[in-house]
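Trainee: Handing you this structure, nothing more for now.
The values are calculated or read from the model by the stated rules, or taken from the named source; none is laboratory data. Everything quoted here is computed from the prediction, not taken from an experiment. Cβ: placed from backbone, ideal geometry, glycine included. Neighbour counts: every protein chain shown.
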Amino acid sequence: MPAQTNTDDPNGVIVAAWRAESARLVGALTRMTRDVDLAEDLAQDALVAALEQWPATGVPQNPGAWLMTTAKRRGVDHFRRTDVLRRKIAELEHARGGEEAQVPDLEAQIDYIEDDVLRLIFLSCHPSLSADSRAALTLRLVGGLTTAEIARGFLVSETTMGQRISRAKKTLAHAHAAFELPTGQERTDRLDDVMGVIYLIFNEGYAATAGADWMRPDLANEAIRLARTLAALAPAEVEVLGLQALLELQASRMPARLDSDGAPVLLEAQDRSRWDQTLIRSGLEALHRAERLAGCGQPVGRYFLQASIAAQHARAERAEATDWRRIAALYDVLATAAPGPVVEVNRAVAHGRAFGSDTGLAVLDALGEEALPDSPLVPSVRGDLLERAGLHAQAREAFTEAAGRTKNEGERAILRRRAQSA
């Protein structure tokens with residue numbers, strides 16, 4: 001074990017080390033055991049050991065290595081106790097023509113650790129799982145969040161979330177999901193699933209679909225960390241870099257999305273001096289790297305295009321300086337690359353700002369009444385466009401309808417205020 005160092009807050013160090021190292025730990029253990037459930041149990045055993053020992057003995061100089069070594073030893077002990085080790089050795093000896101087999105040494109395979117994290121991300125987003133299960137399992141295995149933390153983020157009980165995660169792991173076992181990186185078209189399809197889950201987590205943190213909170217920063221921040229992890233592991237993928245840029249640029253606005261009384265503030269009314277400039281710089285740099293790759297012939301998709309739109313807002317020092325014509329043009333491209341009702345609603349906003357409310361309403365009307373029937377998005381945007389067109393009575397009706405659809409208390413308060421003031 002590495003030498004020990006003192007700290008005034010060993011529990012804080014343990015939490016930080018776990019959040020930083022849990023994905024590598026579970027990934028490496030899954031590679032060794034080929035059992036994600038067992039891998040997580042062994043990683044949790046190492047965490048418990050740290051909680052028991054570090055406050056008394058001091059924090060190791062390399063907490064991650066300490067956790068890895070401890071978990072590996074627990075894994076070897078488990079194999080010995082259950083007699084799995086003997087069977088694995090027999091299988092390996094047979095495969096190698098009698099050559100003596102050994103338990104894989106995680107520390108000797110350190111060069112593969114980052115690949116283990118990427119494998120774990122793909123495993124968490126296996127196509128046999130539902131979108132909700134993918135999100136929960138990704139936060140648990142890759143994000144290192146506890147079941148209680150995930151449950152709070154998605155407004156369900158800890159018991160319900162625990163059952164969801166348990167079912168997801170059983171589904172992976174029944175599907176014989178391989179702990180290997182997919183290749184070819186399967187890799188492309190699965191990468192899109194992975195990015196979709198991270199984006200889903202971010203959106204729930206940035207604009208909560210239900211509950212009293214307008215935002216859930218813990219979920220948004222975890223999604224950004226996952227996006228950065230994915231970008232570090234796949235740095236030559238335009239869409240991965242686009243996703244990182246998109247999340248960072250959107251998250252930069254979060255400090256200004258609530259006023260001093262905790263009330264939500266819409267984009268055009270935000271104090272842009274409160275936007276997080278560090279996140280903006282990081283997001284623009286990720287977008288610049290994606291643009292260089294796109295310039296070399298890589299195709300672009302929904303995340304790159306949305307990041308390009310977010311960059312237009314980030315570069316405008318005042319709301320009045322926003323280049324809405326450029327944003328409208330980007331939404332036109334996005335509508336072709338990733339068509340869907342949400343894109344069309346946002347395209348209506350952009351065209352309404354760029355070319356007038358009538359143009360925006362025409363885009364919205366083309367969607368039809370059946371689009372997003374349970375969402376407040378369509379009537380809220382219709383209300384905004386009608387208000388800008390001077391049709392105040394119709395705007396009040398639209399805002400009232402939108403307020404009746406939303407399940408988020410902060411959004412409902414905004415929509416009611418807009419209905420009253422229209």
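Trainee: For the condition modelled with pLDDT under 85 and either in a helix (DSSP H, G or I) or over 26 Å from Val142 (Cβ atoms) (or both), what is the one hit in Ala50, Ala108?
Mentor: Ala108
Trainee: Another question about this same structure. If you go through segment 374-402, how many residues are farther than 11 Å from Ala422 by Cα, in a helix (DSSP H, G or I) and among the polar types (S, T, N, Q)?
Mentor: The number of residues fulfilling the criteria is 1.
Trainee: When you scan segment 116-172, how many residues do you find that are surrounded by fewer than 16 Cβ atoms within 10 Å (Cβ to Cβ) and assigned to a helix (DSSP H, G or I)?
Mentor: Counting residues in segment 116-172 that are surrounded by fewer than 16 Cβ atoms within 10 Å (Cβ to Cβ) and assigned to a helix (DSSP H, G or I) gives 10.
Trainee: Hey, does segment 54-62 have a residue that's closer than 30 Å to Ile224 by Cβ, assigned to a strand (DSSP E or B) and either touching a helix residue (DSSP H, G or I) at 6+ places or on another chain (Cβ under 7 Å) or at pLDDT below 85 (or both)?
Mentor: Within segment 54-62, one or more residues are closer than 30 Å to Ile224 by Cβ, assigned to a strand (DSSP E or B) and either touching a helix residue (DSSP H, G or I) at 6+ places or on another chain (Cβ under 7 Å) or at pLDDT below 85 (or both).
Trainee: Separate question: Of everything in segment 189-217, what is assigned to a loop (DSSP other than H, G, I, E, B) and out of contact with any Phe, Trp or Tyr (no Cβ under 7 Å at 6 or more places or on another chain)? Give them in sequence order.
Mentor: Across segment 189-217, the qualifying residues are Ala207, Thr209, Ala212, Asp213, Trp214, Arg216.
Trainee: Out of Ala227, Ala335, Ala290, Ala245, I need the residue that is surrounded by 14 or more Cβ atoms within 10 Å (Cβ to Cβ), hydrophobic (A, V, I, L, M, F, W, C), in a helix (DSSP H, G or I) and at pLDDT below 95. Which one?
Mentor: Exactly one of Ala227, Ala335, Ala290, Ala245 is surrounded by 14 or more Cβ atoms within 10 Å (Cβ to Cβ), hydrophobic (A, V, I, L, M, F, W, C), in a helix (DSSP H, G or I) and at pLDDT below 95, namely Ala227.
Trainee: Separate question: Working only within segment 349-373, note down all residues that are over 30 Å from the mean Cα position of the chain (by Cα) and outside any helix (DSSP H, G or I).
Mentor: Gly356, Ala366, Gly368, Glu369
Trainee: If we keep just the residues of segment 265-287 that are of a type in the set (Asp, Glu) and part of a loop (DSSP other than H, G, I, E, B), which is nearest to Phe202 (Cα to Cα)?
Mentor: Among residues in segment 265-287 that are of a type in the set (Asp, Glu) and part of a loop (DSSP other than H, G, I, E, B), the one nearest to Phe202 (Cα to Cα) is Asp276.
Trainee: Among the residues of segment 248-264, count how many are surrounded by fewer than 17 Cβ atoms within 10 Å (Cβ to Cβ) and in a loop (DSSP other than H, G, I, E, B).
Mentor: 5
Trainee: Kindly list, by first and then second residue, each pair from a residue in segment 127-139 that is on the phi < 0 side of the Ramachandran plot and of a type in the set (S, T, N, Q) to a residue that is outside any helix (DSSP H, G or I) and at pLDDT below 90, limited to pairs with Cβ atoms under 9 Å and residues at least 6 apart or on different chains.
Mentor: These pairs meet every condition: Ser128/Ala175; Ser128/Ala177; Thr138/Cys125.
Trainee: Quick check on Thr33: is it over 23 Å from Glu149 (Cβ atoms), in contact with a His (Cβ under 9 Å, 6 or more places away or on another chain), surrounded by 14 or more Cβ atoms within 10 Å (Cβ to Cβ) and modelled with pLDDT of 70 or more?
Mentor: yes
Trainee: Follow-up. Pick out the one residue from Asp384, Asp365, Asp374, Asp358 that is free of Cβ contacts under 8 Å to residues at least 60 places away in the same chain and buried (at least 21 other Cβ atoms within 10 Å of the Cβ).
Mentor: The match here is Asp384.
Trainee: Looking only at segment 300-332, count every residue that is more than 23 Å from the chain's Cα centre (by Cα) and outside any helix (DSSP H, G or I) and tell me the total.
Mentor: First, the residues of segment 300-332 that are more than 23 Å from the chain's Cα centre (by Cα): 315-330, 332.
From what is left, the residues that are outside any helix (DSSP H, G or I) are 316-318, 322-323.
Total satisfying the criteria: 5.
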